[in-house]
Amino acid sequence: MKAERIYYLYAGFVYFFFNMVFAISGVYYVQRVGLNPLQLVLVGTVVETSALIFEIPTGVFADSAGRKKSVILGMMIVGLSFVIEGAIPLFWTIIMAQIVAGAGYTFLSGA
């Protein structure tokens, strides 16, 4: 399979998956965890702040170790954040998982 086709399949899958996760996460946070609107805003703020903080270090990693390693590591870190959120449905655990997710997203974007 051509590299261009693999990239398009990967990008399509990733964007679809991440958008689906964002939609489902909001329902999960409200229904299962019982977060209020302020807590929902804090969760979003934490993930974006985390991404801002980790963007440069993970970009340096991608430049030195390579795109492939950065993408694989990013997917593993994001997956770990999903496991943490699902295993322990508490507000502070979700905050910590969002910090991990922000770091994982930057491994993907910096590559």
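From Ser81, Ser109, Ser64, grab the single residue that is under 12 Å from the mean Cα position of the chain (by Cα) and over 15 Å from Val21 (Cα atoms). Steps first, answer last, please.
Working: Ser81 fails: over 15 Å from Val21 (Cα atoms); Ser64 fails: under 12 Å from the mean Cα position of the chain (by Cα).
Being under 12 Å from the mean Cα position of the chain (by Cα) and over 15 Å from Val21 (Cα atoms) holds for just one of Ser81, Ser109, Ser64, which is Ser109.
Which number in (1) aliphatic (A, V, I, L, M); (2) surrounded by 12 or more Cβ atoms within 10 Å (Cβ to Cβ); (3) in a helix (DSSP H, G or I); (4) over 15 Å from the mean Cα position of the chain (by Cα) marks the one condition that Leu35 misses?
Here Leu35 meets the rest and fails (3).
Only one of Ile84, Ile99, Ile77 is under 17 Å from Val14 (Cβ atoms) and of a type in the set (A, V, I, L, M). Can you tell me which? Walk me through it before giving the result.
Details: Ile84 fails: under 17 Å from Val14 (Cβ atoms); Ile99 fails: under 17 Å from Val14 (Cβ atoms).
Just one listed residue meets the conditions, Ile77.
So which residues in segment 76-101 are more than 17 Å from Tyr29 (Cα to Cα) and surrounded by fewer than 16 Cβ atoms within 10 Å (Cβ to Cβ), if there are any at all?
Answer for segment 76-101, where residues must be more than 17 Å from Tyr29 (Cα to Cα) and surrounded by fewer than 16 Cβ atoms within 10 Å (Cβ to Cβ): Met76, Gly79, Leu80.
Any residue at all in segment 17-27 that is touching a residue at least 12 places away in the same chain (Cβ under 8 Å), under 11 Å from the mean Cα position of the chain (by Cα) and assigned to a helix (DSSP H, G or I)?
yes
Name the single residue, out of those in segment 46-103 being aromatic (Phe, Trp, Tyr) and closer than 18 Å to Val33 by Cα, that is modelled with the lowest pLDDT. Walk me through it before giving the result.
As a first pass, look at segment 46-103 and keep what is aromatic (Phe, Trp, Tyr): 54, 61, 82, 91-92.
Next, only the ones that are closer than 18 Å to Val33 by Cα stay: 82, 91-92.
On the way: Phe82: 92, Phe91: 96, Trp92: 96.
Of everything passing the filter in segment 46-103, Phe82 is modelled with the lowest pLDDT.
With the structure loaded, tell me whether Val46 is assigned to a helix (DSSP H, G or I), within 12 Å of Gln98 (Cβ to Cβ) and among the aliphatic types (A, V, I, L, M) or whether it fails that test. Write out each step before concluding.
Values: assigned to a helix (DSSP H, G or I): yes; within 12 Å of Gln98 (Cβ to Cβ): yes; among the aliphatic types (A, V, I, L, M): yes.
So Val46 fits the description; yes.
The values are calculated or read from the model by the stated rules, or taken from the named source; none is laboratory data. All values reported here derive from a predicted model rather than from experimental measurement. We place every Cβ from the backbone using ideal geometry, glycine too, and count neighbours over all the protein chains shown.
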